[in-house]
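Here is the structure we will look at.
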Amino acid sequence: YDLAITARSLEEGEQHEHGTWASDTRPLPGSLRTTQTQVEAIGASCLCLRSDILDPDSVSVAVDTALDTFGRIDLLFNNAGVMPRPATLVDTDENDLRWVYEVNVFGAFNVLKVFAGRMIEQSTPSQIVTTGSENSVCSLAPLMSAYNSAKHAVLGLSGILRMELPEHVGISLFCPGIVKTRLS
């Protein structure tokens, strides 16, 4: 594949809010440019597009730019998420729940809506793969009520799309178990 990649960090060292339980704007390792260098080193083309899943307009601009550059979309890998502070449902803070849903559900929805529409229009075979979680199938992580329920919602969005999209657009939900990330 030639790639169009999106994120908020175009260059190394950029600061963006990424705090899980408290505000944190320290630069995270990695950037679109770093990934682009690695992709191009193996011979593929890589287009870097700054985008924020919480801003549907930036998602639309990124998709349109990718389409103008490559002519079509073969695959969308839809992957983003945040982890709230551990809590039972009874003890979950309403603001934590809203934040987790904003990123994990509405962010995924924004990306799915824009890409699915463009994939329907292009009328060529394409695939959407969204990252869910093992917790979208069965809630195994204790004290993760907000996260688990958000991932259940992402599972629901994927199921709805599977029923609604024409045959030329495939939909899959990738549900890994525990993944060691900065969020873990």
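If you go through the stretch 40-53 and keep only what is part of a loop (DSSP other than H, G, I, E, B) and either surrounded by 14 or more Cβ atoms within 10 Å (Cβ to Cβ) or on the phi > 0 side of the Ramachandran plot (or both), you end up with G43, S51, D52, I53. When the criteria are applied in full, S123 meets the requirement of being on the phi > 0 side of the Ramachandran plot and modelled with pLDDT under 90. Would you confirm, using the coordinates I've provided, whether P84 is part of a loop (DSSP other than H, G, I, E, B) and closer than 22 Å to A153 by Cβ? It is true that P84 is part of a loop (DSSP other than H, G, I, E, B) and closer than 22 Å to A153 by Cβ. Restricting to the stretch 140-175, name every residue that is open to solvent by less than 80 Å² (accessible area, probe 1.4 Å) and at pLDDT below 85. The answer is A141, M144, S145.
Here is a check on your reading of the model: is V137 open to solvent by 20 Å² or more (accessible area, probe 1.4 Å), in contact with a Ser or Thr (Cβ under 6 Å, 6 or more places away or on another chain), of a type outside the set (S, T, Y) and without any contact (Cβ under 8 Å) to a residue 60 or more places away in the chain? It is false that V137 is open to solvent by 20 Å² or more (accessible area, probe 1.4 Å), in contact with a Ser or Thr (Cβ under 6 Å, 6 or more places away or on another chain), of a type outside the set (S, T, Y) and without any contact (Cβ under 8 Å) to a residue 60 or more places away in the chain.
Looking at the stretch 113-126, can you tell me whether even one residue there is touching a residue at least 40 places away in the same chain (Cβ under 8 Å), under 15 Å from V154 (Cα atoms), open to solvent by 20 Å² or more (accessible area, probe 1.4 Å) and in a helix (DSSP H, G or I)? Among the residues of the stretch 113-126, at least one is touching a residue at least 40 places away in the same chain (Cβ under 8 Å), under 15 Å from V154 (Cα atoms), open to solvent by 20 Å² or more (accessible area, probe 1.4 Å) and in a helix (DSSP H, G or I), which makes the answer yes. Of the residues making up the stretch 66-93, those that are open to solvent by 60 Å² or more (accessible area, probe 1.4 Å) and touching a residue at least 24 places away in the same chain (Cβ under 8 Å) are T69, F70, R72, L75, F77, N79, R85, P86, L89. Put simply, of T37, T69 the only residue that is touching a strand residue (DSSP E or B) at 6+ places or on another chain (Cβ under 7 Å) and at pLDDT 90 or above is T69.
For first residues located in the stretch 9-31 and aromatic (F, W, Y), partners that are modelled with pLDDT of 70 or more and surrounded by 12 or more Cβ atoms within 10 Å (Cβ to Cβ) and lie 6+ apart or on another chain with Cβ distances below 8 Å form the pairs W21/P84; W21/R85.
The values are calculated or read from the model by the stated rules, or taken from the named source; none is laboratory data. Values in this document were obtained by computation on a predicted structure and should not be read as measured data. Please note: Cβ atoms are built from the backbone with ideal geometry, for glycine as well, and neighbour counts cover all protein chains shown. Surface areas here come from the heavy atoms of the whole protein model, side chains and all, with no ligands, DNA or RNA. Shrake-Rupley method; radii C 1.70, N 1.55, O 1.52, S 1.80 Å.
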